[in-house]
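The block underneath contains the structure these notes are about, expressed in C-alpha cells.
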Amino acid sequence: MNDRNTVDELLGEISARTDDGEDLRYNPRRVEAGHAEQGDSRVRTVAEFQIKYRQILDPSGRVHGELPEFAQDDAQLLEMYGAMLRARIFDGKAVNLQRTGKLGTYAPCLGQEATHVGVAAALRPEDCVAIVYREIGTLFWRGVRMLDVLLYWGGDERGNDFAGPRHDFPWCVPIATQTLHAAGAAMAFKIRHEPRCALAYIGDGGTSEGAFYEAINLAGAKHLPIVFVVVNNKWAISVPIEEQTAARTLAQKAIAAGIPGIQVDGNDVLVVRDTVAKAVENARAGGGPMLIEALSYRLSDHTTADDATRYRSNEEVEEAWKVEPLVRTRTYLQSRGILDEAREQAMKSEYTAEVEAAVKEYLATPKQSTDAMFDYLFANPPRYIEAQKAIARRYAGTGKPSH
C-alpha cells in the first residue's frame, strides 16, 4: 500500500502535476514561474487537481461496481446494519429524555449513522479516534457503554471517562480542536514506529476553523498516519454549506495541505467502510494522510436546543429522508435474503430493551457531589480552589447564590 501508483489507483483521486508531467504532490519543490523574454511574460500551469466521488450502494439499494470483500460476508453486513439501527433507537430515546427534563442538551445523529458505523468498522482496536459530539455509532462499535453516553449528556463528567478504548479521545465540543489532538497522536505513532492510525472527525462547519487547517497542514508536512473524515451534513447549525465556503467540495481543502482528498456518499455504509479501510491501511503502512468528505444530512435539529424549522424548509428535509442510510441498507439486505421483517423486529426489540436498561441505570446513578468539579483537574488543588470548594459545599442544594 506504500507504492505510489497503488495509492493513486485506490485513494489519491488527485492530479497535481506541472505541465511537463512532474508530480507536485509526491515531489514538492518550488516551481519557477518562468522568466521574462523580450518583455513578454511566460505563463504555464504549475498544478491541477480533481476530486472523485465514490458510491457503492445507491439510495434505492442497488449496488454499483464490484462489492468489497467484507460486503460479501452476510454476517458483517448484518452487524453493520444492526449497529446503525441500535444507534438510531438510542438516539431517539436520548432526545425524548431531554424533552422530559431527564437529560441535558443533546446532539442527535439522526441520518448520519452510516458514516459513523462505516468508519468504526474500518478501524482496528489499536487505532485512535478523535470524535466530535455526534458519533455515538462509532463509540458503541468501539465498546463505549450507553450508560457513559447518557451520563455525559446528563452533565456527569464521569461519562467522558469511558472504559474503552482508553486511547480514544473523549467528547469534544470545541469545534475543530480534536483534529490537532489526533494529529498529535499520529505524530507519536510515527515517532514510535507503531503501525497504527489516528482518525479525526470534523463537520462541514469545522473546516472553516484555523485548527483544521493547522492539523491537515501538519499531517501533510510530516507525512503522518492520520485520516480526516469530514462529515458534510449540509448545515453548520443554521449556516448552509453554500455560505460556509465557495469551494465546490470540502475534499478539495486537502489540496493545499498536499494530501489526497476524496468525496464519498456518507449515507452508503459500504463505501464509507471501504474508503476508510483503504485510507487507514495506507496510513499504517507509511503512505501518509488522507481526507475523506462524507456527504450526509442532519435530519434532526443541530441539538435539542435548536429549532431547525426556523432556517430550513420541510421540503428539503423530506427530500433528505429519501436518501437516508437505513432504508437503502435494509432494502439491499432484504434483496440478499439476509434480513426479513421478523429478524428486524427481533433486532429492534433487543436494542430497545438494551436502551431501556441503560436509561434505568443512568437515572439510578447517584449524582456527583459538588466537590467533583473542583477535584476534576488538580491532584493537589491550590488554595483558591479549596476556598471555592468550601463555598460550593455551603450553598449546595440551597438554591441561594454563593457570592
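The values are calculated or read from the model by the stated rules, or taken from the named source; none is laboratory data. Treat the numbers as computed from the prediction; the structure is a model and nothing was measured. A quick note on method: Cβ atoms are made from the backbone with ideal geometry, for glycine too, and the neighbour counts reach across all protein chains shown.
If you check HIS223, HIS193, which single one turns out to be in the same structural domain as GLU135 (by TED's automatic domain parsing), in contact (Cβ under 8 Å) with a residue 24 or more places away in the chain and more than 13 Å from the chain's Cα centre (by Cα)?
Of HIS223, HIS193, the one residue that is in the same structural domain as GLU135 (by TED's automatic domain parsing), in contact (Cβ under 8 Å) with a residue 24 or more places away in the chain and more than 13 Å from the chain's Cα centre (by Cα) is HIS223.
Can you list the helices (runs of 4 or more DSSP H) lying wholly within region 261-348 that have 3 or more residues being closer than 20 Å to CYS197 by Cβ?
On the way: elements: 269-284, 314-321, 325-336.
Qualifying helices (runs of 4 or more DSSP H): 269-284.
What are the residues in region 202-247 that are among the hydrophobic types (A, V, I, L, M, F, W, C) and assigned to a strand (DSSP E or B), if any?
Answer for region 202-247, where residues must be among the hydrophobic types (A, V, I, L, M, F, W, C) and assigned to a strand (DSSP E or B): ILE202, ILE226, VAL227, PHE228, VAL229, VAL230, VAL231, TRP235, ALA236, VAL239.
Restricted to region 348-381, and to residues that are of a type in the set (Gly, Ala, Ser) and at pLDDT below 95, which residue is nearest to the chain's Cα centre (by Cα)? Walk me through how you get there before you give the answer.
Our first condition is that a residue be of a type in the set (Gly, Ala, Ser); within region 348-381, this holds for 349, 353, 357-358, 364, 369, 372, 379.
Those still in the list that are at pLDDT below 95 too: 369, 372, 379.
Numbers: SER369: 33, ALA372: 30, ALA379: 33 Å.
Per the stated criteria, the residue is ALA372.
Looking at region 92-114, can you tell me whether even one residue there is in the same structural domain as ALA182 (by TED's automatic domain parsing), of a type in the set (Ser, Thr, Tyr) and within 11 Å of the chain's Cα centre (by Cα)? First the steps, then the outcome.
Narrowing region 92-114 to residues in the same structural domain as ALA182 (by TED's automatic domain parsing): 92-114.
Add one more test, that the residue is of a type in the set (Ser, Thr, Tyr), and what stays is 100, 105-106.
Restricting the remaining residues to those that are within 11 Å of the chain's Cα centre (by Cα) gives none.
There is no residue in region 92-114 that is in the same structural domain as ALA182 (by TED's automatic domain parsing), of a type in the set (Ser, Thr, Tyr) and within 11 Å of the chain's Cα centre (by Cα).
Out of all the residues in region 202-234, which are among the polar types (S, T, N, Q) and surrounded by 22 or more Cβ atoms within 10 Å (Cβ to Cβ)?
THR207, ASN232, ASN233
State the number of residues belonging to region 179-201 that are surrounded by 20 or more Cβ atoms within 10 Å (Cβ to Cβ) and in a helix (DSSP H, G or I).
6
Whether any residue in region 131-146 is within 26 Å of GLN345 (Cα to Cα) and surrounded by fewer than 18 Cβ atoms within 10 Å (Cβ to Cβ) is what I want to check.
yes
Of the conditions (1) of a type outside the set (Asp, Glu); (2) at pLDDT below 95; (3) closer than 22 Å to VAL117 by Cβ, GLN244 clears all except one; give me its number.
That leaves (3) as the condition not met.
Which residue pairs have Cβ atoms under 7 Å apart, sit 6 or more places apart or on different chains, and have a first residue in region 236-261 that is closer than 16 Å to PHE49 by Cα and assigned by TED's automatic domain parsing to the domain that holds TYR311 and a second that is surrounded by fewer than 13 Cβ atoms within 10 Å (Cβ to Cβ) and of a type outside the set (Asp, Glu)?
From region 236-261, the pairs are GLY258/PRO28.
In this structure, is LYS322 charged (D, E, K, R), more than 21 Å from the chain's Cα centre (by Cα) and in the same structural domain as GLU214 (by TED's automatic domain parsing)?
Against the criterion (charged (D, E, K, R), more than 21 Å from the chain's Cα centre (by Cα) and in the same structural domain as GLU214 (by TED's automatic domain parsing)), LYS322 qualifies.
For region 133-167, which residues satisfy the criterion of being out of contact with any Cys (no Cβ under 6 Å at 6 or more places or on another chain), within 21 Å of PRO108 (Cβ to Cβ) and part of a loop (DSSP other than H, G, I, E, B)?
TYR133, GLU135, ARG142, VAL144, ARG145, GLY154, GLY155, ASP156, PHE162
Quick one: in region 291-310, which of the residues that are aliphatic (A, V, I, L, M) and under 22 Å from LEU67 (Cα atoms) is surrounded by the fewest Cβ atoms within 10 Å (Cβ to Cβ)?
If we take residues in region 291-310 being aliphatic (A, V, I, L, M) and under 22 Å from LEU67 (Cα atoms), then LEU295 is surrounded by the fewest Cβ atoms within 10 Å (Cβ to Cβ).
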